[in-house]
């Protein structure tokens, strides 16, 4: 969770961060738009560097259980619903000195109407807006992100369900192209992270 504005290959004004958004141990580089091609060409001169598209980024971040703003979280989602309470320090919770504290702090000690969960399934992959049903066939939520996991060789997804169905290992059904497939809630990350941490 560090970042610096610096020159990269002589290109000034690059923002280099280490946020781990791909679920891997690496860096993200933001570059002035007019120099992006130049930076890419310089990076590709190294034989270890390979091009990858958004699908690779998306499967990696999903395997790591990381939210994509606009899909998995937005300005109507609280950290409690999204299972992101760890982002709120104890001091901030006690002081209630952050936007939304009057809604969020009571949720920590109380209940919410929905909870973000990990999901795994076989068969056709589930995508955003796929209905999640309980085993009796009642809709209890919706998938927000989903794709095949290259690492696990099964489908992974995230979505929101009614809290009583959020426990890992809960059997569910997913409606994919008007057919029901079996799914199960899962702990996240789906693939353990290997971030380098200074100890």
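We did not get these values from a lab; they are worked out from the coordinates using the rules stated. Given the structure is predicted, the values throughout are model-derived calculations rather than measurements. As a convention, Cβ positions derive from the backbone with ideal geometry for all residues, glycine included, and neighbour counts pool all protein chains shown.
Points worth noting:
- Taking the listed residues 74, 25, the one that is within 25 Å of residue 193 (Cα to Cα), out of contact with any helix residue (DSSP H, G or I) (no Cβ under 8 Å at 6 or more places or on another chain) and touching a residue at least 60 places away in the same chain (Cβ under 8 Å) is 25, with no other qualifying.
- Residues being loosely packed, with under 12 Cβ neighbours inside 10 Å and part of a loop (DSSP other than H, G, I, E, B) - total across segment 27-66: 10
- Breaking point among (1) out of contact with any helix residue (DSSP H, G or I) (no Cβ under 7 Å at 6 or more places or on another chain); (2) surrounded by fewer than 16 Cβ atoms within 10 Å (Cβ to Cβ), for residue 159: (2)
- Residue in segment 109-153 that is nearest to the chain's Cα centre (by Cα), counting only those that are under 12 Å from residue 174 (Cα atoms) and touching a residue at least 60 places away in the same chain (Cβ under 8 Å): 146
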